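Q: Have a look at this one.
The values are calculated or read from the model by the stated rules, or taken from the named source; none is laboratory data. If you're wondering where the values come from, they're calculated on a predicted model, not measured in any experiment. Heads up, the Cβs are rebuilt from the backbone with ideal geometry, glycines too, and the neighbour counts pull from every protein chain shown.
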Amino acid sequence: MRLRADRLALDRGGRRLFSELSFELSSGQALVVRGENGAGKTSLLRAIAGLAPLAAGALELSGGGDDAPLGEQAHYLGHADALKSALTARENLQFWAAMLAAARPRAGGRRAAGVSAALDRVGLGHVADFPIHALSAGQKRRVALARLLAADRPLWLLDEPSTALDLAAQGRLHELLREHLAAGGLIVAATHAPLDLPDARELRLGAAAAA
Amino acid sequence: MRKAAAALFLREWRIARRIGGGAAVGLVFFLILVTLIPFAIGPDLALLAKIGPAILWIAALLATLLGVDRLFQSDEDDGSLDLLIHGRLPLELVVLVKCAAHWTAGALPLVIASPLFGLMLALDARALALTAASLAVGTPALTLIGAIGAALTVSLRRGGLLLAVVALPLTIPVLIFGVAAASAASGGAAPFAPPFLALCALTLLALAGAPFAAAAALRLARS
């Protein structure tokens, strides 16, 4: 499986964020996007997810044996956690598992973890039946991370995944990311925090945009 | 796909039930509107009975549009809309299922309670039944039209008033045929069937068109 970005350019509010940005990523590889505030990290992730238009260039995810659009093969974890505060963590995850599950299981892909297993993996099994509004910011973030496990999608697009996480949870996050890569997944993460990933490639936005 | 649709319906239903502003508040709002009118008009039973169906329809229209501005706004605010766009369900079906849940939680209680409120407007038994029937058939169209307005105003802060400005003119045909059908029963000389069938047609039209219009508006808001 291979993600190819060819000479991307992005505009936001009439301002050109970057242009001529190319990179390639194959199964088991992670790309860490770095750059100052406002360099276009979130915009790049949203463009890959198909949530914002590209000003120029092309994006392609090939070799997955699935002809679904890129956005439907990607998990997008943005600044917002996409959780309903009136529902419990379990209800939220059950909904997203049904909504985001792939139409066909991916060849060689991991089976999606059950909702309870996913919550256990992020260390939240004990608050599964609490409404989201009773959880702390870090716990909400971990429920959002459990969503990545509850439905199997090969490409993870993570925007500041470690926000609000304590040290132990950050360790767990890195563990989940490494497992995803080992299972042949792809990760594009925008972050300021160090990510403990084996041979992650780095993309610096702002100064000179080249991979 | 059916599983995803069922999961979405269940989620919307639970949220509507747990957060205030769902069924109960809509019903109370409906009740207040219906009780205010007799106070404003005075104790003229004949006049009340004559305009009763229209009052019920106006109240249902306002109560239906009351919660519809949160239909997509809350999903936009917490980031859910970004994920729904790339879920298993086409966005058109997402709109349709959300409307179905919103109607079941918000408008269906109004339809069921409308005969009770009609009593306060001195409607007779036949008028009560036919008004309830016209509301049952017509309110889905109101919800769907409201969904178009909600999708158009999703990226605006406090788009509630704008939503009313956008959606209310579109509800005029529904209101005309709804009230015509409902008042055919209360002393009107006109027959019941033609406006009632036109109302059914409007709802079917909204069912076929509104999901596409609302989904297009939601996609437009991304780009």
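Q: Evaluate region B:4-26: report whether one residue or more is away from chain A (no Cβ under 14 Å), out of contact with any Gly (no Cβ under 9 Å at 6 or more places or on another chain) and modelled with pLDDT under 85.
A: For region B:4-26, residues away from chain A (no Cβ under 14 Å), out of contact with any Gly (no Cβ under 9 Å at 6 or more places or on another chain) and modelled with pLDDT under 85: present.
Q: A:Ala80 is checked against (1) assigned to a loop (DSSP other than H, G, I, E, B); (2) of a type in the set (A, V, I, L, M, F, W, C); (3) more than 7 Å from chain B (Cβ to nearest Cβ) and fails just one. What number does that condition carry?
A: Here A:Ala80 meets the rest and fails (3).
Q: Cβ-Cβ below 6 Å, separation at least six or inter-chain, first residue in region A:51-63 and within 23 Å of B:Gly79 (Cα to Cα), second at pLDDT below 85: which pairs?
A: A:Leu51/B:Arg222; A:Pro53/B:Ser223
Q: I'm trying to understand the selection: among the residues of region B:50-59, which are touching a Ser or Thr at 6+ places or on another chain (Cβ under 6 Å) and among the aliphatic types (A, V, I, L, M)?
A: If the condition is that a residue be touching a Ser or Thr at 6+ places or on another chain (Cβ under 6 Å) and among the aliphatic types (A, V, I, L, M), then B:Leu56 is the only one that fits.
Q: Go through (1) more than 18 Å from B:Gln73 (Cα to Cα); (2) assigned to a helix (DSSP H, G or I) for B:Ala190 and report which single condition fails.
A: That leaves (2) as the condition not met.
Q: Also, quick follow-up: Filter region A:140-178 down to residues that are in contact (Cβ under 8 Å) with a residue 40 or more places away in the chain and either polar (S, T, N, Q) or more than 20 Å from A:Thr42 (Cβ to Cβ) (or both), then give me how many there are.
A: Qualifying residue count for the region: 11.
Q: Among the residues of region B:60-91 satisfying the criterion of being of a type in the set (A, V, I, L, M) and within 18 Å of B:Ala216 (Cα to Cα), which is modelled with the lowest pLDDT?
A: Result: B:Val68.
Q: Report the residue count in region B:63-85 for those that are under 23 Å from A:Ala97 (Cβ atoms) and touching a Phe, Trp or Tyr at 6+ places or on another chain (Cβ under 7 Å).
A: 3
Q: Kindly evaluate A:Leu195 against the criterion of being closer than 23 Å to A:Glu24 by Cβ and in contact with a Gly (Cβ under 7 Å, 6 or more places away or on another chain).
A: No: the conditions fail for A:Leu195.
Q: Only one of (1) free of Cβ contacts under 8 Å to residues at least 24 places away in the same chain; (2) buried (at least 22 other Cβ atoms within 10 Å of the Cβ) fails for B:Phe72. Which number is that?
A: (1)
Q: Pull out all pairs, ordered by first then second residue, where Cβ-Cβ is under 6 Å, the residues are six or more apart or on different chains, the first lies in region A:1-16 and is within 14 Å of A:Leu44 (Cβ to Cβ), and the second is of a type in the set (Phe, Trp, Tyr) and in a strand (DSSP E or B).
A: These pairs meet every condition: A:Ala5/A:Phe23.
Q: Answer yes or no as to whether A:Ser116 is surrounded by fewer than 19 Cβ atoms within 10 Å (Cβ to Cβ), more than 14 Å from every other protein chain (Cβ to nearest Cβ) and modelled with pLDDT of 90 or more.
A: no
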